[in-house]
1. Which numbered condition in (1) under 26 Å from S128 (Cβ atoms); (2) crowded, with 17+ Cβ neighbours inside 10 Å is the only one that R150 fails?
2. Which of (1) under 28 Å from T74 (Cα atoms); (2) open to solvent by 10 Å² or more (accessible area, probe 1.4 Å); (3) small (G, A, S); (4) modelled with pLDDT of 95 or more does A204 not meet, given it meets every other one?
3. Suppose we filter E41, E27 for residues that are more than 19 Å from Y72 (Cα to Cα) and touching a Pro at 6+ places or on another chain (Cβ under 9 Å); which single one remains?
4. Step by step: first the residues of region 222-238, then only those that are assigned to a helix (DSSP H, G or I) and in contact with a helix residue (DSSP H, G or I) (Cβ under 7 Å, 6 or more places away or on another chain), then the one that is farthest from N18 (Cα to Cα). Which residue is that?
5. Please go through region 158-189 and pick out each residue that is assigned to a loop (DSSP other than H, G, I, E, B), open to solvent by 20 Å² or more (accessible area, probe 1.4 Å) and modelled with pLDDT of 95 or more.
6. Between a first residue in region 56-77 that is over 18 Å from S34 (Cα atoms) and a second residue that is assigned to a strand (DSSP E or B), which pairs have beta carbons less than 7 Å apart while being 6 or more apart in sequence or on different chains?
7. In region 190-201, what residues are of a type in the set (D, E) and buried (at least 23 other Cβ atoms within 10 Å of the Cβ)?
Amino acid sequence: MKATVTLHQFPRPSMIANLSPFCMKVETFMQMASIPYEIHETLSARQAPQKKLPYILHQDKAVPDSQQIIEYLTSTFSVRLDAHLGEEQLAIGHAIRVMLEERLRWCIVYSRWLDPVCWSAFETIVISSLSQPYRAIFPVLARQRKQKIRQTLYANGIGRFTPTEIYQFGQKDITALASILNGSTYLFGDQPSSFDATVYAFLANLIDVPIPCPLNDMARQNKRLREYCQRMRHLYSI
């Protein structure tokens, strides 16, 4: 029997598995694939291979990046979640994953860290999930983090747009995802795939996190998206 995987990720809040869609994506995948794992909660990524969370430790091997982690686990544990998918579905799944991880992600980051209205609610949620000494030092860490995020968003381009335009970008992604689901039980019909781990992690971070944001509000108002999240949560208890 292969050794238990240790998932290093941010501390859990009360309403969701993780405020990082990438951390939640990995844990959801491991639940879906019945891979034995344990959680190590941390705010520090200094020990991570790429200085970012999440990463896993497995048999003395450290693996960074949520997608690389899933590919490693798929190979190591002979996971067959995508065995029923054809070449076109695999390509569509890849495109959806990139849409969520490379654009909607930054719209969510903007809302949580740089929108003053959303930041207040997000800060309260984060602090409530922390223990000492992190709770005491979080305001200092947050100021440093905000400056870095502002620079990152400007560098990748999305930070050069107005708040209204940024939210419109994200809302178009949410609309596209709802249209692709089109009432299906899972992303590709009645059988879940590894891509559902990504979709669920992002949707749950909008629907289940009580932040007054145009993105969260739009996702919560969509019955199709709410029911999808409910199915995933019921099936995998995450």
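The values are calculated or read from the model by the stated rules, or taken from the named source; none is laboratory data. If you're wondering where the values come from, they're calculated on a predicted model, not measured in any experiment. Methodologically, a virtual Cβ is constructed for each residue, glycine included, from the backbone with ideal geometry; neighbour enumeration extends over all protein chains shown. With ligands, DNA and RNA removed, areas are computed over all heavy atoms of the protein, side chains included. Shrake-Rupley method; radii C 1.70, N 1.55, O 1.52, S 1.80 Å.
1. Result: R150 fails condition (2) only.
2. (2)
3. Of the residues listed, the single one that is more than 19 Å from Y72 (Cα to Cα) and touching a Pro at 6+ places or on another chain (Cβ under 9 Å) is E41.
4. Here the answer is R224.
5. Correct list: F161, T162, T185, F188.
6. A62/Y55; V63/Y55; V63/I56; P64/Y55
7. D196
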